[in-house]
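Shown next, in structure tokens, is the structure this report addresses.
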Amino acid sequence: MHDNKVVIGLGSNIDAVINMGRAIHLLGLRVKIIAVSSFESTPPIGITDQPDFLNGAVLVETPLTREQLDFELKSVEDEMGRDRTLPKDGPRVIDLDIITWNEAVVDNDFYERDFLRRAVAEVIVRN
């Protein structure tokens, strides 16, 4: 069985530097991390009365299916204390999303957010 190459987008605006590092560590316990992008501070989208977000991406390899990986991402978010009762665009400890799956874009945010395209390009170009 071959490993899937996946880019995961990361975002946080609550203790962002600490939580991004913790998320990458927890991801590394579940998948093989190949590359980590630089991080970019961006203003919030939707609900603007909150701190800026720190965003980035990681390129990983995993034998997991997309559904299994999505479950693992949710478990990392839960372990880190993500409150799913908050509004979709509200503050968050961590947000993890599958952006590309074996080089195919699977999250439409890729097309709407410049910072996400830059982060994806950074981890893919180097690898």
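No lab work stands behind these numbers, since they all come straight from the coordinates. These numbers come from a predicted model, not from an experiment. With ideal geometry, Cβ positions are generated from the backbone for all residues, glycine too; neighbour counts draw on all protein chains shown.
Some observations on this one:
- Each of His2, His25 was scored by other Cβ atoms within 10 Å of its Cβ. Arranged with the fewest first, they read His2, His25.
- Our compactness index for segment 15-127, the C-alpha radius of gyration over the empirical 2.2 N^0.38 Å, is 1.03.
- The chain: angle of helix 66-79 to the longest principal axis, Cα-based, in degrees nearest 10: 40 degrees
- Here the residues Lys74, Lys5, ranked from fewest to most Cβ neighbours within 10 Å of their Cβ, fall in the order Lys74, Lys5.
- Computed [θ] at 222 nm, deg cm²/dmol, the chain (DSSP H ≥ 4; -39,500 (n - 2.57); rounded to nearest 500): -10000 deg cm²/dmol
- Rg/Rh for segment 21-81 (Cα atoms only, Rh after Kirkwood) is 1.02.
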